[in-house]
Amino acid sequence: MSNYNKTEIYRTRLLLYLTVFVIMALSNAVVPVLPEIAASEKESSGTLAWIMLFSGYFIGALLTMLPFGFLSDRYERLHFVVLAILLTLISGSILLITENLYILIIVRLVEGTACGAFFPVAYALLSEYKEKKRYISEFNFLLNAGLAIGVAFAGYLAQWHIKSGILLFTVIAGLAFVAGIWILKRHEPVKEVRAGNSASPSERGMIAGSFTNRSYLNIWIITFLLFGLTGVITSFYPEHSSGLLSKTEIGISLAALYVSAMATNILAGRLNLSYNYMIIIGVLITVIGTLVFIQQPIMGLILIGTGSGMGMIGLPMAVSQMNIERGLGMGIFNTYVYAGLGLMPIFTGAFIEIMEFEIIFASTALILLVPVLINRQIN
């Protein structure tokens, strides 16, 4: 695009790529040790405590994606990226020094707020470039790389200290914050026509309409269910495997999901497939992977990563074609992503006392098939 020079694009991409890696790595460094962190508080209630710690992060993101996406259409977007790094650094630092369950849940909400400040902005920026498909695929590659490395390193380092992984990625977040300030000082703001600084009644109606518009509704439902299923698998897997696998083995197993998603991100970004086919294929592979996961966890996780990785390219590409502002559209998209990741484990967790894990996994997977079977043309 004419508004962007090559140096500015490079610096922006560098900051976005670095930020998505460190935010994802730190967020996932908590997952392998959730039961131990939750159990460190004497008044905690076991499974409910670690579900709240897992989902608190996604609820924080869920509540802030849309406001930050809306604001990113009105203010300089890179400021939100640096804010996201700062919130990540603060939350990581507090996670290291407290064992109070209530403070830990609040910190996870703050960590989720960092995601809310970052993801709508990042996708909006990348979708404005001519090579957006390649850039989004690289971005998602590093997103999954952060998730994989975060969970694997945290599981491995836990044998020395339960919070070693959190310490490692908090330090990296500090370095990322310094880099963000450096890049921001050299950033040349793009002079674009921006909307006003507050939402008018007509704009609020547009936001509400975008959430429920029938033309977009199938994309929002698939987004919620696809990433909700991933949240169910990753949140329950440590408890499901408790006593059967070590923390290192759990971390490595979950990393397989993210590594397969990484490979798919790069491949899908270079395939000549429409977003409609990418979404459908991604859903089908994810459902099959979940059913396989029940009997063969590692192979199932690889397939789930492949399917969700395909969907993570197709879905934002579909959103970029919508007739709504980029920041707002990506804010809504990421709201549904994190609604699924945060709320689905809570919904399914309500049945954990009356259903086996395997029944919960299979039922959630089959529900994901419904919107694709009803409407094969995604948008």
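The values are calculated or read from the model by the stated rules, or taken from the named source; none is laboratory data. Predicted model, so just to flag it, every value in this text is computed and none were measured. Backbone-built Cβ (ideal geometry, glycine too); neighbour counts: all protein chains shown. Side chains are part of the model used for accessible areas, which takes the heavy atoms of the whole protein and leaves out ligands, DNA and RNA. Shrake-Rupley method; radii C 1.70, N 1.55, O 1.52, S 1.80 Å.
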- line: Among GLY331, GLY340, GLY327, the single one that is at pLDDT below 85 and within 21 Å of the chain's Cα centre (by Cα) is GLY327
query: For region 76-84, does any single residue satisfy the condition of being of a type in the set (Val, Ile, Thr), part of a helix (DSSP H, G or I) and either on the phi > 0 side of the Ramachandran plot or modelled with pLDDT of 90 or more (or both)?
result: yes
statement: Per the filter on region 219-244, residues open to solvent by 20 Å² or more (accessible area, probe 1.4 Å) and at pLDDT below 80 are GLU239, HIS240, SER242, GLY243, LEU244
- prompt: Is one or more of the residues making up region 352-361 within 21 Å of the chain's Cα centre (by Cα) and open to solvent by 10 Å² or more (accessible area, probe 1.4 Å)?
  reply: no
query: Within region 265-290, which residues are at pLDDT 90 or above and of a type outside the set (A, V, I, L, M)?
result: GLY282, THR286, GLY289, THR290
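Per-residue answers, yes or no, for (1) at pLDDT below 85; (2) open to solvent by 30 Å² or more (accessible area, probe 1.4 Å); (3) touching a helix residue (DSSP H, G or I) at 6+ places or on another chain (Cβ under 6 Å):
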residue: GLU99; (1), (2), (3): yes, yes, no
residue: LEU109; (1), (2), (3): no, yes, yes
residue: PRO120; (1), (2), (3): no, no, yes
residue: ALA124; (1), (2), (3): no, no, yes
residue: SER137; (1), (2), (3): no, no, yes
residue: ASN140; (1), (2), (3): no, no, yes
residue: PHE153; (1), (2), (3): yes, yes, yes
- request: Answer yes or no as to whether GLU111 is touching a residue at least 12 places away in the same chain (Cβ under 8 Å), over 30 Å from LYS6 (Cβ atoms), of a type in the set (Asp, Glu) and assigned to a helix (DSSP H, G or I).
  value: yes
message: Cβ-Cβ distance below 7 Å, separation of 6 or more or different chains: which pairs start in region 59-86 with a residue that is under 20 Å from ILE9 (Cβ atoms) and end on one that is among the hydrophobic types (A, V, I, L, M, F, W, C) and not in a helix (DSSP H, G or I)?
response: ASP73/ALA195
- request: Identify all residues within region 276-307 that are open to solvent by 10 Å² or more (accessible area, probe 1.4 Å), among the polar types (S, T, N, Q) and within 20 Å of the chain's Cα centre (by Cα); write none if there are none.
  value: THR306
message: Just to be sure I understand the filter: pairs with C-beta atoms under 8 Å, separated by 6 or more residues or on different chains, first member in region 245-272 and open to solvent by 60 Å² or more (accessible area, probe 1.4 Å), second member assigned to a helix (DSSP H, G or I) and of a type in the set (Lys, Arg). Which pairs pass?
response: ARG270/ARG134
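Yes/no per residue for (1) within 21 Å of GLU111 (Cα to Cα); (2) not in a helix (DSSP H, G or I):
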| residue | (1), (2) |
| --- | --- |
| GLY314 | no, no |
| ILE324 | no, yes |
| GLY327 | yes, no |
| MET330 | yes, no |
| ALA339 | yes, no |
| VAL370 | no, no |
statement: Apart from one, (1) closer than 30 Å to THR306 by Cβ; (2) in contact with a Leu (Cβ under 7 Å, 6 or more places away or on another chain); (3) modelled with pLDDT under 75 all hold for ILE207; the odd one out is (1)
- request: Scan region 322-351 for residues that are among the β-branched types (Val, Ile, Thr) and open to solvent by 20 Å² or more (accessible area, probe 1.4 Å) and jot them down.
  value: ILE324, ILE346
